[in-house]
Amino acid sequence: MDENLEGRIQSVVYSNDETGWAVLRVACEDGSLHTAVGHIPAPAPGETISAKGQWSQHPAHGEQFSVRSAERLLPASADSILEYLSSGIVQGVGRATARLLVDTFGDETLDVLEHSPERLSSVRGITPKRAESIGALFSRQTALRRLMELLVRHELSPSYALELSKRYGGDAAERLGDNPYILLYEPFEAPFDTVDKLAATLGVDDGDERRLQAGLLYELIFNLDQGHVYLPREKLVPAASGLLEQPEDALEEALQDLFCDNKVVACQNGAVYLTRLYHAEKQVASFIKERSAQRKTLPQDMDELIGRIEAELGIRYAALQRDAITSAAGSSLMVLTGGPGTGKTTTLKGLLRLFDWMGLKALLAAPTGRAAKRMSELCGREASTIHRLLEFGFDPALGVLRFLRDEDNPLSCDVVVLDEVSMVDILLMDSISRAIPEDARLILVGDPDQLPAVGPGSVLEDVLAGGLSPSVRLSEIFRQAAESRIVTGAHSVNRGEMPTLKNEQQKDLFFMRRRDMLSAVETILELCAERLPGNLGLEPSQIQVLTPTRRGPCGTVSLNKALQEALNPAAPHKLEKKFGEFLYREGDRVMQIRNNYDLPWRMGGNAGMGVFNGEIGTVAEIDLKASLVTVQYDDKAVEYPFDSLGELEPAYALTVHKAQGSEYRAVVLAAMPGPQKLMTRRVLYTAITRARDYLIIVGQDEIIQSMVRNDKRLRRYTGLRGMLSDA
């Protein structure tokens, strides 16, 4: 049961304007002084607070009150008003001005600020123009605080209030009241159930047109995370009907209104798109058709040039590799694919050397930081993430974060080479296509047999299936690669054959049979903490545990907790923070699990915005007083307020999906029973190809066999393939 804390805010120890998280010192009527922590947006000394929550004992700071909900009153007495205004809560009002105002208006000061700001000009030193400005700032601050408090009462982040205020100014509260469901959409993307409860509180009926439209849009947005670019109408309407518990005919009418408002696009084949996704697919299809039709003039001495490349690199290209180099030289768009050990990297090195001799400037990029780093190491030249290539940042003209490279500000290059294209979704491909100069080449490199992108679309598969773009699939496994059981095992799995699991010395793939979950977990912990570091000299950071699933004893949730205790145990000098189902500790390996374009980062003297899904770093510092966790990534440091820790997960163990685009010196793969939809050939193939030097599979050979046999691929609703095929 909740307890109460009432008193006056004596001081603000910490306050985060973005999240509304605050640490306060509250003075009660009996003279006692207490620490209160929680979502208390825009607090200021002098306010009266009435909070509900629970008392707890903090290991470093002693007793504190964890606020679940709070109501605040602006100060009423002259002394409290002076304290309130002196805190700087109102921009342009410092301690001296606050004293002048309170001396003039006394207990009525705040009433004058809100309702009669013109009277401020009667105070010495305040002009009519400044009086108007102070009044406007006070009203805006008051409106923002009320909006924050409304959201917090309904378990919504107060950071939404800042974005609402930024977008709608003084009309933010009115716009939210008119349609609370705006919080479902970008940039807010709040949970449907929570927004639906807020809407009901604000008087929105179950059958309200706003709610019906919101349900349809939410289904389309939700299914983007399932990889679908659109939904068939016959699936969309029943799904929304079930979500809202409203009849389908009412949803059909609401869908028609969305068409009229240009919020969705309906195609003759029954596909219903969010408008932005429809235009993204159309743009990508148009780009591919246009570039596929363009041909470049080949150098007259191609055979001689390839021979010079072979001599320089000390290799002999196979026929398909020579075809790939020739095709790339003569095409505006070319696709290079192949599995492990088939020479994609060697071919790519030759391509880049050829472009150098042709005087062409090439830029290299990959979807994730780890994939870009690997591309740099293999190719011997700089590669960046796609977000960095396209210069994601703040556009002062529009006042938004976006890719600064586009059709109006294209990249400065002659060639763009994109690796790990299987990870690229349709929205990112849309942005890429807009930034490629008209006369530049685009080389797409990837493995279509790996898992598809986490986001919507199947770009690489659809481009290949469309058949318009020149493409070369490398299939020959070269001699050196053929000696690797990781490579041969991956190709066996891809053909639907069981990989060789017999353990041999001097090999790189090992199988450790374990019949039950407990013994499998014990073996995984022993491998990571003792055997691999001790026998092979591997650092724990070079070992990655992979598993198909999140739940169960061999899922990421349980494995991460066990691995944390084995690899980064509690110690007096390591601070900790519990959030949700995870305990974060200094020294932990963690992963960002969603794109956050608004999260600031710093790197030396540089700063920027944006941390992206799949980035892995280390918890460098936990500041309990400021309620911040600092994560050090390869190229930046990011501060996370405690209430933003839901964007992080421990990364000692990852799902195979989350490991896409990365390569590790050693992979320990848990092969134990899990959900059938995750135990597939494609998941197993992707897991095997994440290992560079060593792969240790722990579990049941029957599970490996069942995954090899299960070639079921979940269908994604995409239109790109059809758009290209029609051409």
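The values are calculated or read from the model by the stated rules, or taken from the named source; none is laboratory data. Being a predicted model, the structure only gives us computed values, none of them experimental. Cβ placement follows ideal geometry from the backbone for every residue including glycine, while neighbour counts extend to all protein chains displayed. Ligands, DNA and RNA are stripped out before the accessible areas are found, and what is left, the full protein with its side chains, is counted by its heavy atoms. Shrake-Rupley method; radii C 1.70, N 1.55, O 1.52, S 1.80 Å.
A few notes on this one:
- The residues listed here are V445, V415, V424; of these, the one that is open to solvent by less than 20 Å² (accessible area, probe 1.4 Å) and touching a Phe, Trp or Tyr at 6+ places or on another chain (Cβ under 6 Å) is V415.
- Top-ranked residue in segment 152-171 [being touching a residue at least 60 places away in the same chain (Cβ under 8 Å) and either surrounded by 22 or more Cβ atoms within 10 Å (Cβ to Cβ) or among the β-branched types (V, I, T) (or both); ranked as nearest to V67 (Cα to Cα)]: V152
- The number of residues in segment 338-363 that are closer than 25 Å to I477 by Cβ and of a type outside the set (K, R) comes to 14.
- Annotation: of all residues in segment 207-229 being in contact with a helix residue (DSSP H, G or I) (Cβ under 7 Å, 6 or more places away or on another chain) and among the acidic types (D, E), the one that is farthest from P247 (Cα to Cα) is E219.
- Elements of type helices (runs of 4 or more DSSP H) in segment 634-727, at least 2 residues being hydrophobic (A, V, I, L, M, F, W, C) and closer than 19 Å to L451 by Cα: 681-688, 701-709
- Counting only strands (runs of 3 or more DSSP E) that sit completely within segment 269-372, those holding 3 or more residues that are more than 21 Å from G467 (Cα to Cα) correspond to 271-274, 362-366.
- Residue match in segment 522-533 (condition: open to solvent by 50 Å² or more (accessible area, probe 1.4 Å), out of contact with any helix residue (DSSP H, G or I) (no Cβ under 7 Å at 6 or more places or on another chain), assigned to a helix (DSSP H, G or I) and of a type in the set (S, T, N, Q)): no
- Qualifying residues in segment 110-121 (those that are charged (D, E, K, R) and within 15 Å of Q141 (Cα to Cα)) - the one surrounded by the most Cβ atoms within 10 Å (Cβ to Cβ): E114
- Entry remark, segment 180-193: residues being at pLDDT 80 or above and open to solvent by 40 Å² or more (accessible area, probe 1.4 Å) number 5 in total.
- Verdict on R709 being closer than 27 Å to D516 by Cβ, open to solvent by 10 Å² or more (accessible area, probe 1.4 Å), out of contact with any strand residue (DSSP E or B) (no Cβ under 8 Å at 6 or more places or on another chain) and not small (G, A, S): yes
- Taken over segment 36-63, the criterion of being part of a strand (DSSP E or B), touching a Lys or Arg at 6+ places or on another chain (Cβ under 6 Å) and not small (G, A, S) is satisfied by T48, I49, K52.
- Residue under evaluation Q592, criteria (1) open to solvent by 50 Å² or more (accessible area, probe 1.4 Å); (2) closer than 30 Å to M672 by Cα; (3) in contact (Cβ under 8 Å) with a residue 12 or more places away in the chain, criterion not met: (1)
- Counted residues, segment 61-109 - those being modelled with pLDDT under 90, charged (D, E, K, R) and over 20 Å from L5 (Cα atoms): 3
- Residue count, segment 78-101 (criterion: under 23 Å from R146 (Cβ atoms) and in contact with a helix residue (DSSP H, G or I) (Cβ under 6 Å, 6 or more places away or on another chain)): 10
- Of residues in segment 262-311 being farther than 18 Å from M358 by Cα and among the basic types (K, R), the one most open to solvent (accessible area, probe 1.4 Å): R276
- Under the condition of being without any contact (Cβ under 8 Å) to a residue 24 or more places away in the chain and either buried (at least 16 other Cβ atoms within 10 Å of the Cβ) or not in a strand (DSSP E or B) (or both), the residues counted in segment 373-397 number 8.
- Unique match (being within 28 Å of the chain's Cα centre (by Cα) and either open to solvent by 30 Å² or more (accessible area, probe 1.4 Å) or within 17 Å of R682 (Cα to Cα) (or both)) among V400, V463: V400
- Some residue of segment 53-63 being touching a Pro at 6+ places or on another chain (Cβ under 9 Å), touching a residue at least 12 places away in the same chain (Cβ under 8 Å) and open to solvent by 10 Å² or more (accessible area, probe 1.4 Å): no
- Scope segment 92-109; condition open to solvent by 30 Å² or more (accessible area, probe 1.4 Å) and farther than 20 Å from K129 by Cβ; matching residues: R95, R99, D103, D107, E108
- Residues located in segment 245-261, provided they are open to solvent by less than 50 Å² (accessible area, probe 1.4 Å) and touching a helix residue (DSSP H, G or I) at 6+ places or on another chain (Cβ under 7 Å): Q246, A250, L251, A254, L255, L258
- Test: residue in segment 111-122 that is part of a loop (DSSP other than H, G, I, E, B) and more than 30 Å from L198 (Cα to Cα): yes
- Test set (1) open to solvent by 20 Å² or more (accessible area, probe 1.4 Å); (2) modelled with pLDDT of 95 or more; (3) among the small types (G, A, S) - G314 fails condition number: (2)
- Every residue from segment 558-586 that is over 21 Å from G614 (Cβ atoms) and among the small types (G, A, S): S558, A562, A566, A570, A571
- Condition check for L538 on (1) touching a residue at least 60 places away in the same chain (Cβ under 8 Å); (2) open to solvent by 50 Å² or more (accessible area, probe 1.4 Å): one failure, at (2).
- Matching residues in segment 1-52 - criterion: being in contact with a Gly (Cβ under 6 Å, 6 or more places away or on another chain) and either open to solvent by less than 40 Å² (accessible area, probe 1.4 Å) or of a type in the set (A, V, I, L, M, F, W, C) (or both): V26, A27, C28, P41
- Neighbours by Cβ (under 9 Å, 6+ apart or cross-chain): first from segment 489-509, loosely packed, with under 14 Cβ neighbours inside 10 Å; second aromatic (F, W, Y): K502/F511; N503/F510; N503/F511; E504/F510
- Scanning segment 64-91 for residues that are open to solvent by less than 30 Å² (accessible area, probe 1.4 Å) and assigned to a strand (DSSP E or B) turns up Q64, F65, V67, A70, R72.
- Residue-level check: of (1) open to solvent by less than 60 Å² (accessible area, probe 1.4 Å); (2) assigned to a helix (DSSP H, G or I); (3) of a type in the set (A, V, I, L, M, F, W, C), A200 misses just (1).
- Any hit, segment 599-614, residues being open to solvent by 40 Å² or more (accessible area, probe 1.4 Å), among the basic types (K, R), within 19 Å of R388 (Cα to Cα) and modelled with pLDDT of 85 or more: yes
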